[in-house]
Each structure stands twice: as C-alpha cells, then as structure tokens.
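Have a look at the structure below before the remarks.
What follows draws every value from the coordinates through simple rules; no lab data is involved. Everything numeric here is computed off the predicted structure, so don't read it as measured data. Cβ sites come from the backbone with ideal geometry, for glycine too, and all protein chains shown count toward neighbours.
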Amino acid sequence: MATQRTSPRTAGVRTPPRAAGVLSRESGHEQVVFCHEPRSGLRAIIAIYSTALGPALGGTRFYPYACEEDALADVLELSKGMAYKNALAGLDLGGGKAVIIGDPERDKSEMLLRAFGRFVQSLAGRYITACDIGTFSADMDVVARESSYVTGRSTELGGAGDSAVLTAHGVLLGMRAAGEQVWGRWGAPWQRRIGIQGVGKVGFRLARTLAEEGATVIVHDVDQRALDRARAEIPGVQIAPDLDALLTADLDVFAPCAMGGVLDERTVSRLSARVVCGAANNQLADETVAKLLDDRGILYAPDYVVNAGGVIQVADEIGGFDLVRATKRADRIYDVTREIFRRGAADRVRPDVAAARIAEARMADLAAVRTVHLPRTA
Ligand code: NAI
C-alpha cells in the first residue's frame, strides 16, 4: 500500500480533542491503553469505546501520524465509530480500535507486531484486533502468534482473509437501498453513473462489480499503480484526473473509498451526485456536513452502516469462519440501510441521526439486560 504522510484530517480525524479530554463525560470511552516497547519501536494506542454488547472488535491502523495527539484523536473517533457499526450490524461485539504510530512500509517488523500482540493479549479479550489501513492478513498472522484475540488472519490459517470482500458487497447493497429511496428503484445498472474515490482493496472491487453490471464507473486515486490496475482490469472504467473532476462529473452516486474527511463545505458544494454511499470511515469532515448534504437534497448513507461488511466478515472468524454464513449476515446491510431511511423519514431526522439513535438504543437496552446476575457456573 502506498502510504502518504497526509494531514490528520485525511486519516479520518475530525476535531482533535485535547488528551486531557479522554476521561471526560463527552468522550465516553471505557478504556484507553498506551503501549510502548522501545526495542521494537512499538508506539501504539488501543481504545475501547464500549463493551456493552461484548468484547470490543476493531482493526489496527498503522499510520505515520505527525504526532501522538493526532493518533489519539484518530483512535478515539474510530473506536466510537466501531461501537456504532457493530451495534447496527447486530453483532454481539462492542467497539474498539488500535493505532500503531509509524510508517508501515519502513517500521513494520515481526518484533513490533509481536510486541503489539502481547499488549492485545494483556487485555484478556476485552479487545479483539483485525486489519485496517496499513495492516494486512499476514500481519494479523504474526500478531496471532502472541495473542488469541485476533481476527482477519489468512484463509490458509482458518482466518477470514481480506475483509474488503464483504465490505464492497455491503456498500453495493447500501447503494441499492439508497437508490431506491431517491429514485423509487435502483433501476438498470447501465442507467447509473457512479464516481469512486480510491480504488484500493474495497474501491477496486466495487468499481469492477458495478462496471461488470453495466454501470458507468468513473474513478480517481492518488496512486498511479491503483489507476493502472483499474484501467487494465475494469471494463470501460473512466479516470478523473483529480477529485474536483470526479465530484463535478455527471454522477448519480459518489462513493468515497479512500481516507476520511473527504466531504466538507467545499466538496459538498461541488458534488453532482444525489447519493453518497461509500466505504471510507468518517467521510464527513465535521458534524455540520450532514446538514449541508441534506440541504442540497443529497442522500447520505451513513458510512458505518454500509461499510459493516468487513467487520461482519472478520467477526465470523471468532467462531470458525464460514463465508456463506458471513455473506448472509452482510446481506442484512440492505435492510438496515432501508430501515434507517424509513426511521429518518418517520422521525423527521436525517439518516445519520436515525442511525445513531438506533445504535445507541441497542447498546443502552442490552447493557441494561446484562445487569442480570449470572451464577459463577453459568
Ligand atoms: P486501501 O488502502 O486498500 O485503498 C485506499 C485507496 O485510496 C488507495 O488506492 C489509495 O491510493 C487511495 N487514496 C488515498 N488517499 C486518496 C486521496 N486523497 N484521493 C484519492 N485516492 C486516495 O484501503 P481499503 O481497504 O480499500 O479501504 C478504503 C476505505 O474504506 C478506508 O477509509 C477504510 O478505513 C474503509 N474501510 C475499509 C474496510 C475494509 O474491509 N477494507 C472496512 C470498512 C471501512
């Protein structure tokens, strides 16, 4: 993966909180663990937002953060997002996330990954890790040599493998649900024009499936190798030279599949699409953007709802991976997305508000039930 040293915002960071705010009521996180192992160079943070529904599951992001504070802001935001995502996906899992500070291409080593694995193990199952930006199934295989609380391992070792498979599947289902909401039906694929930012693991699969179905697919990526691969392997794909060209192309759907924070006042004002539905986490640069989209009549399918296929895939590994079972579970993303639009319309709130309400209610309701005392043998 080509890793760039970008601004914190493109790493999915919105408003960097002060470190002193971690224990505030507003933050709401259960536990934040700083991990330092000097011989391997490991500097990592594990954040557990909630274990109300079960052990906190979320991937490990290996990223060249400019400073510790950026890494902390990212892991706090991402772990919260995982709690909401896992709740809406109907999983018995809470939300957590880890970040490793460093350049994965330069700093990743067996020693470092194993040191990280020991920190994960030390939490005794309160946190289960997986892949994210900068980490791959082969890395999780190494982490698993020190920890039993690892998913997203290689398929040869009984793991769920590349979670992009069901992430792309879920985004497609979310797109259908959103299309039906806006146009009454998704319609024939050749009537749809889809713009995809980022043709990495997820965006590439999404682009190829849509193009094979006959849709017009326009992509943009900052990595020339990703574009070359798209051009070679996706029938009829069009390349936009920059983000502006993509946003202002005549699109029905815009699918952010790169880094977070792509939607802000400027980009929303240029967007031609009627639907935003993509895989990237934290697509909205700040809380005001959902309203900007709504004011322009653009339907936003909340990112953590439609990109849950990946976590559904790796969660299935916990009980022994079965792709058919995991795919069936991911198919429900279509119904959940529709339900969010329905609830939003009924309650006269935007879809992002409706989604958060449903997730928060599930966490609160099940946490209440789980106060029932269990005898030691149960
Ligand atoms: P990836 O790293 O394989 O692909 C990202 C692509 O975006 C790369 O080709 C990269 O060159 C490109 N990119 C980066 N910055 C860009 C920019 N400013 N403009 C245009 N292109 C840019 O990552 P992957 O796995 O495909 O994930 C994509 C997004 O979806 C990420 O935000 C990730 O957090 C999110 N996601 C991924 C899941 C998965 O299962 N892989 C699950 C849920 C969310």
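If R0 is 22 Å, the Cβ-Cβ spacing of ARG325 and ASP347 corresponds to a FRET efficiency of close to 0.10.
For region 21-109, the pair-distance distribution built from all alpha carbon pairs, in bins 10 Å wide starting at 0, is 19, 46, 27, 7, 0 percent.
Working ranking of peptides 283-292, 172-181 by packing, defined as the average number of other Cβ atoms within 10 Å per residue, highest first, is 172-181, 283-292. A straight Cα-to-Cα reach below 15 Å connects LYS108 with the aspartates and glutamates GLU37, ASP132, ASP139, ASP141, residues fewer than 8 places away in its own chain not being considered. Counting other Cβ atoms within 10 Å as a rough exposure proxy, the listed residues ASP303, ASP141, ASP244, ASP250 run ASP250, ASP244, ASP141, ASP303 from fewest neighbours to most. Most tightly packed first, judged by the mean number of other beta-carbon atoms within 10 Å of their residues, the peptides 367-375, 350-358 read 350-358, 367-375. Comparing Cα centroids, region 104-143 and region 243-291 end up 31 angstrom apart.
Net charge dipole, the chain: roughly 620 debye, given to the nearest 20, about the Cα centre with Cβ charges of +1 for Lys and Arg and -1 for Asp and Glu. When each of VAL262, VAL202, VAL165, VAL349 is scored by the number of other beta-carbon atoms lying within 10 Å, the sequence from fewest to most is VAL349, VAL165, VAL262, VAL202. By the count of neighbouring beta-carbon atoms within 10 Å, fewest first, LYS80, LYS108, LYS328 end up ordered LYS328, LYS108, LYS80.
When the chain is treated as a Gaussian network with alpha carbon springs shorter than 10 Å, the biggest mean-square fluctuation among THR337, THR267, THR151 belongs to THR267. Phi angles of region 35-47 translate, via the Karplus equation with coefficients 6.51, -1.76, 1.60 and θ = phi - 60°, into HN-Hα couplings of 10, 9, 9, x, 5, 8, x, 5, 10, 9, 10, 10, 10 Hz per residue; Gly and Pro are given as x.
As a test of the formula, what do you get for the chain when each DSSP H run with n ≥ 4 contributes -39,500 (n - 2.57) and the sum is divided by the residue count, at 222 nm and rounded to the nearest 500 deg cm²/dmol? Computed ellipticity for the chain at 222 nm equals -13500 deg cm²/dmol. For LYS328, a cut-off of 28 angstrom between C-alpha atoms picks up these lysines, skipping any fewer than 8 places away in its own chain: LYS80, LYS85, LYS97, LYS201. Comparing ALA138, ALA315, ALA258 in a Gaussian network model of the chain, where Cα atoms under 10 Å apart are tied by springs, the biggest mean-square fluctuation is seen for ALA138. Over region 47-187, what is the relative contact order in whole percent, taking alpha-carbon pairs under 8 Å and six or more residues apart? RCO, region 47-187: 23 percent. D by Stokes-Einstein for the chain, Kirkwood Rh over Cα pairs, 10 °C, 1.306 mPa s: 76 µm²/s.
Relative to the longest principal axis of the Cα atoms of the chain, the long axis of helix 68-88 makes an angle of roughly 70 degrees.
With contacts taken as Cα pairs under 8 Å at a separation of at least 6 residues, region 207-310 carries a relative contact order of 20 percent. How tilted is helix 351-369 with respect to the longest principal axis of the chain? Cα atoms for both, answer in degrees (0 to 90, nearest 10). Roughly 30 degrees between the two axes. To the nearest ten degrees, helix 164-183 and the longest principal axis of the Cα atoms of the chain are 40 degrees apart. Annotation: amide H-H contacts under 5 Å for SER50 (H modelled 1.01 Å from N, sequence separation of 5 or more, or interchain): GLU30, GLY95.
Amide H to amide H, with H built 1.01 Å from N, SER272 comes under 5 Å of LEU251, counting only residues 5 or more places away or on other chains.
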